[in-house]
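**Q** After the structure tokens below, expect a handful of questions from me.
Every number here is computed from the coordinates shown, using simple stated rules; none is lab data. It should be emphasised that the depicted structure is a prediction, and the values quoted were computed from it without experimental measurement. All Cβ positions, even for glycine, are placed from backbone atoms using ideal geometry, and neighbour counts span all protein chains on display.
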Amino acid sequence: MRPSARNTRNRDTRSAALGIGALAILGGAAILMQRRTQPKPRPKPRRKLRRSAAIMGASMLVDSAMEHFRGGFHNKAMLAAPVLAAASTLGATARAPHMLPVHATSVAVGAAGLGFHGYNIAKRPGGFNWDNLFYAAPIGAPGGLAVTGLLALASDAHTARHGRMLAGFTALATLAETAEVALLHFRGAWHNPAMYLPVTIPPIAAALLLEQALHPNPKTRGAARGAQRLMAAMGVVGTGFHIYGVSRQMGGWHNWRQNAFDGPPVSAPSSFIALALSGKAALDLMEGAP
Amino acid sequence: MSPRFHAPYPGWDILDKWESPSFNDITRAVLRRRLTEVHARRFFTPAEWLAVQALCDVVMPQNDNPRPVPLADWIDAALHEGRSSGTRHADMPSPRDAWRQGIAALEAEAQARGADGFANLERDAQNAMLRDVDDGKVSTEHWHGLPPQRFFRNLVLAEIVAVYYAHPTGQSEIGYGGPASPRGYVRMQPNRADSWEAPPGDWPDEDTP
Amino acid sequence: MSHAHRPRAIDGQAPDVFSRDDTVPMRQFADTDEVDFAIVGTGCGGGVLAAKLAEAGFSVVAFDAGAFWRPLSDFASDEREQEKLYWLDPRISDGADPLEFGSNNSGRSVGGSSVHFQMVALRFRPEWFAARSRLGYAIDWPVDWREMWRYYDEVERACAISGPLTYPWGPDRGRYPYRAHEVNAAGQVLARGAEALGVDWAPTPLATVSAPRGKSPPCVYRGMCKIGCSTNAKQSVLVTYIPRALDAGAEIRDLAMVTRIATDRQGRATGVEYHRDGQSRFQKARNVVCAGYSIETPRLLLNSANARQPTGLANSSDTVGRYLMVHLNDAIWSVMDDEIRWYKGPPSMACCEHWNYIDDHPDKDFDGGYAFMSQGPLPTDYARTLVTNSGVFGHELRRKMALYNRMAGLKMVGETMPCADNRVTLAEETDAFGVPRAHVTYAHDDNDRRMRRHARAFMAQMLEAAGGRDLLETSSTAHLMGGCRMGADPETSVTDSDGRTWDVPNLWVCDGSLMPTGGGVNPSMTIMANAARIADRIKTLCASGTSERAHG
Ligand SMILES: Cc1cc2nc3c(=O)[nH]c(=O)nc-3n(C[C@H](O)[C@H](O)[C@H](O)COP(=O)(O)OP(=O)(O)OC[C@H]3O[C@@H](n4cnc5c(N)ncnc54)[C@H](O)[C@@H]3O)c2cc1C
Ligand code: SF4
């Protein structure tokens, strides 16, 4: 084929095809493994939840540390987010006792952060308009810290009723996360078709989970579980895409001091892995696994 | 009298980023030439040279610069190479002729003020004389066909600042970020700087409200 | 030296503008091949036309006097070095208000002035296309605004303009292909001022991508757009339409200066005389298109006079070179309390078109309109503005320059009236090829002076409202428009609405010189939209057999 002088031809479609292929393989394998590994006892929901909180917390830690570093830690309160994310993450991984106050603080600070970010947006010229939603403090991000805290707190859950509550909560958190992705991928002009994946798969996964929360139904639980696995696989592939995305910025990874900030956030897609784990834990609980 | 110059960004040197992603190969090559290739005088005569150097010094006093930018040498080189800006005012001779005539006119003007030449005037007198030239208050016939203000602003001043602020010394002095490719900038908000920019400036009182 | 002294588009290969040193295949024609179109100039007019005509299957050779750059390896972060992008050959500047050329308004590269333009991508106000009949000044365009509006859509998509989701002025314009960039501190000064005065402002639609686009990474906010974008984020003609043209089989001849359009005894164009690589050559062509911009296009037509057309080709109306226009480019600068560091980001990230869309206001004492934008000049550019406007020197100059990081500015783009005496003629002095230099005469009129006064007062008020102090006013002009205007009347225009000259049926004009009025916005999108329209018109004319194309 004649090499093209042009800018756009095929490039994005090719990488998208590659990514979607990877997702199909990974997601397919995940769903198949679900069938195969049935006899082997699943990890306890509690462990899944702790992992979920840890992954979410780690993602938040990196994200808030970087974003607040970009903001020059201009306001001392900006230190709170990464510090708490770190604490909650450690607490969840190390299974440290007496972590309740820490996780609760994460929830509270996350909630307060929503207010701070709202204020940051409002005070820029133009106020609450699209441009500030794109570029001022990310409106929904602090919610991630609150979710981390709540997931960590939820690791004590053990009844089917807890499972339903957790399923409902996870579904809503997934939808919130989807909204944030939609905003940022819209900002990126959906320049790569694969950018539509994280606004397609998670809502489906969330809907199936929500259905279980509202009307527990063992017959469709497998589909709900499969969707969670697919979403987790998407989190893995998405991380790959974001790593590739940074490499395509001017200067690539060599210019990481700029591109890790201005490029796609590498830590972000893993939050979907965390949510998928939490979703699976919820389904486990509903199936009676303590 | 003009206030002394206070440097708001002491210690900031864009050349410190030479090896960083702010510089690319072509920028390094261009700046290496700028910093090392200073040609001996080729265009001006020795007599003109004295006046040109004095003129550069009055327009851009650099007594505080440890490594002053060789302004006169660059102007000489540009004229020697016949560098053009794309515009020749109908009421002006070509840049080469304009410089020759303008320097002769400045010398004559200085002599009319009782000095041997522009270089030999006191600094205050030099300043005053250039202000008069800028106002068109000239007394010699040497300006015939050469509008004094256009010569002074569009050739002398414009060329001197074009050399000085294209030089890392001039750029560092004003806290400019310097070369920026492949790496550009991340922080776009007021009062925010990336770690590879000059740290916040130190402003003398009269500039701070 | 990194100047390209030898042509690079040779031996069936052209530079790959997305690489450091690669090439892409290029179709080539012999001088003796009678190509369908020989296009002189590859900027906003010529580049767009070359791509679209080649895509329509015509054989096309596009000439440019400038070099074929690979931005990644050729563009330094250095103002002085990058002067290589400008048309630096002197033009004689005359008249009561002589113009500045070179870096101020004239490029010389494959891709034309778009290689170093500042990417402000605005549309004309619809009424301006009928300025005489709708607004009572100047002259109407021979084109309906709705048609132009469709072509704005087309070229904005081709250049992936990053713009706001809602634009405050004018009719709905759909969604820009890419989202607006984060407005830098310099732009926020305009925004705050506008909000304080209660007028609208907008993030400027810009021709640089805010997210990856194929081989173009997004803008890194290095702020050197005016000296060439070494990131390739800028969607100049060099990285958009030129690659398209190559892909479609057009030949680009870089460092090829066209000196004369040859004509036969019937007065029809037969091809172009040009210089390349030390040789004088002649390219045969069925059609010749002038796309060298408002100075070079008239100069070429005037220099191509022949026995039948002794005052210049296509000049029976004596309009070639006339009705040259610029934009008023006065600015107000002020010291801010904050460090603005206006060198970051494209120079004009916020804009205000308030006075473009107001007709009846007691304060508005001028015809036409003006927009203004936030500023971010590079050091020598700003220093030159400072000294040529104020004459400041010595320690005072260094002190003023030391405030560089705390400066903000607003600069107008103001419409001037087309005036027959503002014109390009040929000087006696010749250039290195023996072609007479352009002699340009320019004077402002009273309307210009009134608008200038109005804009300065308004911008000053806005800057003060944003907290600026120690205001400094500067005066200049920018952009070129007109010089070979199109029109409905052969007596008062050079070409018809298709860009075809009234006098020579196979000679066309397709660049900024066609513009009958200048409007109060930066011109490149209008020039590109008009070129895209002309390309479609040529296709239609050929399909119906009314053009001069002979099939080959
Ligand atoms: C510094 C600067 C900033 C600008 N910023 C903006 C902006 O932000 N927004 C905007 O809309 N516009 C901007 N403009 C204006 C815009 O770039 C021009 O209006 C536009 O490029 C003109 O298009 P054109 O096709 O008519 O001419 P050009 O793009 O200038 O192309 C003409 C080409 O023809 C070639 N040529 C001329 N004569 C000959 C010949 N005889 N033989 C061979 N080749 C020849 C030249 O080398 C040149 O490359 C800016 C211009 C400048 C200089
Ligand atoms: S600011 Fe953006 S468009 Fe301008 S030169 Fe830099 S990368 Fe290119």
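**Q** Mind putting together the pair-distance distribution for chain C? All Cα pairs, 10 Å bins, whole percent per bin, short to long.
**A** Histogramming chain C at 10 Å steps yields 4, 19, 31, 28, 14, 4, 0 percent.
**Q** Could you compute the longest span of chain B free of GluC sites (Glu not before Pro) located in DSSP loops and having at most 11 other Cβ atoms within 10 Å, not counting the site residues?
**A** B:123-209
**Q** Turning to a different aspect of this structure: Give a quick list of trypsin sites (Lys or Arg not before Pro) in the stretch A:103-173 that DSSP marks as loop, anything other than H, G, I, E or B, with at most 14 other Cβ atoms within 10 Å.
**A** Working: sites: A:Lys123, A:Arg161, A:Arg164; in loops: none.
Here no loop site has a sparse enough neighbourhood.
**Q** Checking the table A:Lys123/A:Lys280; B:Lys137/C:Lys364; C:Lys234/C:Lys284; C:Lys234/C:Lys411; C:Lys52/C:Lys84; B:Lys17/C:Lys411 against a 30 Å threshold on Cα-Cα, which pairs fail?
**A** A:Lys123/A:Lys280; B:Lys137/C:Lys364; C:Lys234/C:Lys284; B:Lys17/C:Lys411
**Q** Now, a different point. In the protein assembly as shown, what percentage of the DSSP-assigned beta bridges are antiparallel, given to the nearest 5?
**A** That works out to approximately 70 percent antiparallel.
**Q** Sticking with this structure for a sec: So, counting K/R as plus one and D/E as minus one, what does the shell of residues with Cβ under 11 Å around A:Gln249 add up to?
**A** +1
**Q** With only alpha-carbon pairs counted, each pair once and no self-pairs, how large is the Kirkwood hydrodynamic radius of the stretch B:14-207 in angstroms?
**A** 18.8 Å
**Q** Then there is this: Would you mind estimating how fast the stretch C:374-488 diffuses translationally, via Stokes-Einstein at 4 °C and 1.567 mPa s with the Kirkwood radius over Cα pairs, in µm²/s?
**A** Estimated via Stokes-Einstein, D reaches 75 µm²/s.
**Q** Semi-axes, largest first, in whole Å: what does sqrt of 5 times each Cα gyration tensor eigenvalue give for the stretch A:158-290?
**A** Equivalent-ellipsoid dimensions as semi-axes: 33, 13, 11 Å.
**Q** Please work out the FRET efficiency for the pair C:Arg453 and B:Asp132, using the Cβ-Cβ distance as r and a Förster radius of 30 Å; give the result to the nearest 0.05.
**A** E(calc), rounded to 0.05, equals 0.55.
**Q** Sticking with this one: Report the relative contact order of the stretch B:14-207, percent, no decimals, based on alpha-carbon pairs under 8 angstrom and at least 6 residues apart.
**A** 28 percent
**Q** Next up: Ratio of the stretch A:44-156's C-alpha Rg to 2.2 N^0.38 Å, to two decimals?
**A** In units of the globular-protein estimate, the stretch A:44-156 measures up at 1.10.
**Q** Right, something else. If you take every residue apart from A:Asn259 with its C-beta less than 13 Å away from the C-beta of A:Asn259, what net charge results, scoring Lys and Arg +1 and Asp and Glu -1?
**A** Around A:Asn259, the surrounding residues sum to +2.
**Q** For chain A, which span is the longest to avoid every loop-located (per DSSP) member of chymotrypsin sites (Phe, Trp or Tyr not before Pro) having at most 14 other Cβ atoms inside 10 Å?
**A** With chymotrypsin sites (Phe, Trp or Tyr not before Pro) excluded where exposed in loops, chain A gives A:129-290 as its longest stretch.
**Q** Rounded to the nearest 500 deg cm²/dmol, what is the calculated helix-only ellipticity per residue at 222 nm for chain C, with -39500 (n - 2.57) per DSSP H run of length n ≥ 4?
**A** Calculated from helices alone, the mean residue ellipticity at 222 nm is -6500 deg cm²/dmol.
**Q** Also: Given only helices, namely DSSP H runs of n ≥ 4 each adding -39500 (n - 2.57), what is the per-residue ellipticity at 222 nm of chain A, to the nearest 500 deg cm²/dmol?
**A** -24500 deg cm²/dmol
**Q** What percent do you get for the relative contact order of the stretch A:44-156 when only Cα pairs under 8 Å and 6+ apart count?
**A** In percent, rounded to a whole number, it is 37.
**Q** Mean shadow of chain A, computed from the convex hull of its alpha carbons, in nm²?
**A** Its average projected convex-hull area is 17.2 nm².
**Q** Can you pull a Stokes-Einstein diffusion coefficient for the protein assembly as shown at 10 °C (1.306 mPa s), Rh from Kirkwood over Cα pairs, as a whole number of µm²/s?
**A** Approximately 51 µm²/s, per Stokes-Einstein.
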